[in-house]
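A.B. asks: Before anything else, here's the structure in question.
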Amino acid sequence: MSDIPEGLLYTREHEWIRLEDDCGVVGITDYAQQSLSDIVFVELPEPGTLIKQNEPFGAVDSSKASSELFAPMSGEVVEVNGELEDHPELVNSDPYGRGWMVKIRLSDPAESSGLMDAAAYGRYLNAIEEEEG
């Protein structure tokens, strides 16, 4: 079973966001990193880039596949996790900690109402696993 920390909000595309005042820290979930397997490269936007909720903002390449990253909320990228450039495997080993990807200054905090809390995301994952059989 995937690790689903409380206090974060989740998307159907398996990104998470931790809200901190007018900003949000974004990464991919434990489920996503397990599905991708060994992550070898992370492509992230430059600080100052405007991202829009549910639209691609980067990509993750693994030994299995390449997968787009979708913004959980809209805003301006204010910081990028530079550590992932040399150590993309941090997304596998610590997806909710050192494997974070970007920090954004939120342009519309109300967008959070469309995201799932930990319990709802857990139910969503259970439905996916049942569907996959």
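The values are calculated or read from the model by the stated rules, or taken from the named source; none is laboratory data. Small disclaimer: the values here were computed from a predicted structure and weren't measured. Glycine gets a Cβ as well: all are built from the backbone with ideal geometry, and neighbour counts include every protein chain shown.
A.B. asks: In the set SER93, SER66, which member is of a type in the set (S, T, N, Q), more than 11 Å from the chain's Cα centre (by Cα) and within 20 Å of ARG12 (Cα to Cα)?
C.D. replies: Matching residue, one of SER93, SER66: SER66.
Residue by residue, here is whether (1) closer than 26 Å to ARG123 by Cβ; (2) modelled with pLDDT of 95 or more; (3) out of contact with any Cys (no Cβ under 7 Å at 6 or more places or on another chain); (4) among the basic types (Lys, Arg) holds:
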| residue | (1), (2), (3), (4) |
| --- | --- |
| GLY7 | yes, yes, yes, no |
| ARG18 | yes, yes, yes, yes |
| CYS23 | no, yes, yes, no |
| GLU76 | no, yes, yes, no |
| ALA110 | yes, yes, yes, no |
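A.B. asks: Looking at region 1-17 only, could you name the residues that are touching a residue at least 60 places away in the same chain (Cβ under 8 Å) and assigned to a strand (DSSP E or B)?
C.D. replies: Of everything in region 1-17, those that are touching a residue at least 60 places away in the same chain (Cβ under 8 Å) and assigned to a strand (DSSP E or B) turn out to be LEU9, TYR10, TRP16, ILE17.
A.B. asks: When region 81-96 is examined, which residues are found to be out of contact with any Lys or Arg (no Cβ under 8 Å at 6 or more places or on another chain) and aliphatic (A, V, I, L, M)?
C.D. replies: The answer is LEU84, VAL91.
A.B. asks: For region 22-131, which helices (runs of 4 or more DSSP H) that fit wholly inside it have 1 or more residues that are in contact with a His (Cβ under 8 Å, 6 or more places away or on another chain)?
C.D. replies: 30-36
A.B. asks: Is there any pair linking a residue in region 46-69 that is of a type in the set (Phe, Trp, Tyr) to one that is assigned to a strand (DSSP E or B), with Cβ under 8 Å and at least six apart or on different chains, and which?
C.D. replies: PHE57/ILE51; PHE57/LEU69; PHE57/PHE70; PHE57/VAL77; PHE57/VAL102
A.B. asks: Which condition from (1) modelled with pLDDT under 95; (2) surrounded by fewer than 16 Cβ atoms within 10 Å (Cβ to Cβ) is the one that GLY82 breaks?
C.D. replies: Of (1) modelled with pLDDT under 95; (2) surrounded by fewer than 16 Cβ atoms within 10 Å (Cβ to Cβ), only one is false for GLY82: (1).
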